[in-house]
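Step one of this worksheet: look at the structure below.
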Amino acid sequence: MKMEKRTLMVAIALVPWLTSACTGQQAFPSASEIPAVQPHLLSPGETIRITTYGEETMTGDFAIGTDGVLAFPLIGGVKAAGITPDKLGDAIQTRLADGFLLNPRVSVEVKSFKPVYVMGEVNRPGEYTYVPGMTLMAAIAKAEGFTYRAQRKRVFLRRAGEAEEREITLNSESQIAPGDTLRIAERYF
């Protein structure tokens, strides 16, 4: 009898806690919009095309090293990772003007970006070449579309350099950035 009374008292004490836990929680966190694509910052492993007007020996394709430094003729190493192509062009131009060339003009463009990665419930998960202006749906199309089990309303996105992924609403107009990782989750029903 004492045991039944104790069990009943524990059950009554737990009812408010259990019901508040059920009604106060959402099944999944709400999905947010995709973060805006910022101006492209150069990163290790990318290949860039540098044109030094009037100087054929200082024009060509250059790779940014794993340390983020670009080796350039005459001036040596230039920090390239973490800055825009225009800022890199300005830095090279300034260093060339410092005793090497008279009025140098330099332009920088990205020749090959970091790839994007598409994982999860797609027909061909893997690494894909990034194209400027690429959207979520274009990346999924490169991976040959969704599997029949795919969640088609949300996608998990992790930007290059971020530690955590975020859940976002799938939108055909949302642009992705070089180095992004997309994960398509499995639907529950």
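The values are calculated or read from the model by the stated rules, or taken from the named source; none is laboratory data. This structure is a prediction, so every number in the text was calculated from the model and none was measured. Here Cβ is always computed from backbone atoms with ideal geometry, including for glycine, and neighbour counts include all displayed protein chains. Note: areas computed on protein heavy atoms with side chains; ligands, DNA, RNA excluded. Shrake-Rupley method; radii C 1.70, N 1.55, O 1.52, S 1.80 Å.
Restricting attention to region 133-157, which residues are charged (D, E, K, R) and either under 17 Å from the mean Cα position of the chain (by Cα) or in a strand (DSSP E or B) (or both)?
The answer is Lys142, Arg154.
When you check Val122 against the structure, is it within 23 Å of Gly68 (Cβ to Cβ), open to solvent by less than 50 Å² (accessible area, probe 1.4 Å) and in contact (Cβ under 8 Å) with a residue 60 or more places away in the chain, yes or no?
In short, no.
Across region 93-114, what is the number of residues that are in a strand (DSSP E or B) and either over 23 Å from the mean Cα position of the chain (by Cα) or not hydrophobic (A, V, I, L, M, F, W, C) (or both)?
The total comes to 5.
Conditions: (1) farther than 23 Å from Leu41 by Cβ; (2) not in a strand (DSSP E or B). Ala160 meets all but one. Number of the miss?
Among (1) farther than 23 Å from Leu41 by Cβ; (2) not in a strand (DSSP E or B), the lone unmet condition for Ala160 is (1).
If you scan region 93-109, which residues turn out to be out of contact with any Pro (no Cβ under 8 Å at 6 or more places or on another chain), surrounded by 15 or more Cβ atoms within 10 Å (Cβ to Cβ) and under 17 Å from Arg49 (Cβ atoms)?
Pro104, Val106, Ser107
Within region 133-154, how many residues turn out to be among the hydroxyl-bearing types (Ser, Thr, Tyr) and surrounded by 13 or more Cβ atoms within 10 Å (Cβ to Cβ)?
Total meeting the criteria: 2.
Determine the pairs where a residue that is in contact (Cβ under 8 Å) with a residue 12 or more places away in the chain and small (Gly, Ala, Ser), located within region 67-78, has a partner that is open to solvent by 20 Å² or more (accessible area, probe 1.4 Å) and in a strand (DSSP E or B) with Cβ atoms under 8 Å apart, the partner being 6 or more residues away or on another chain.
The qualifying pairs are Gly68/Lys79.
Is it true that some residue in region 74-84 is more than 27 Å from Glu165 (Cα to Cα) and surrounded by fewer than 13 Cβ atoms within 10 Å (Cβ to Cβ)?
Scanning region 74-84 turns up at least one residue that is more than 27 Å from Glu165 (Cα to Cα) and surrounded by fewer than 13 Cβ atoms within 10 Å (Cβ to Cβ).
Checking the structure you have, find out if any residue of region 166-184 is touching a residue at least 24 places away in the same chain (Cβ under 8 Å), out of contact with any Leu (no Cβ under 9 Å at 6 or more places or on another chain), outside any helix (DSSP H, G or I) and surrounded by fewer than 18 Cβ atoms within 10 Å (Cβ to Cβ).
Yes, because at least one residue in region 166-184 is touching a residue at least 24 places away in the same chain (Cβ under 8 Å), out of contact with any Leu (no Cβ under 9 Å at 6 or more places or on another chain), outside any helix (DSSP H, G or I) and surrounded by fewer than 18 Cβ atoms within 10 Å (Cβ to Cβ).
Among the listed residues Tyr130, Tyr117, identify the single one that is crowded, with 18+ Cβ neighbours inside 10 Å, part of a loop (DSSP other than H, G, I, E, B) and out of contact with any helix residue (DSSP H, G or I) (no Cβ under 6 Å at 6 or more places or on another chain).
Checking each option against the conditions leaves just Tyr130.
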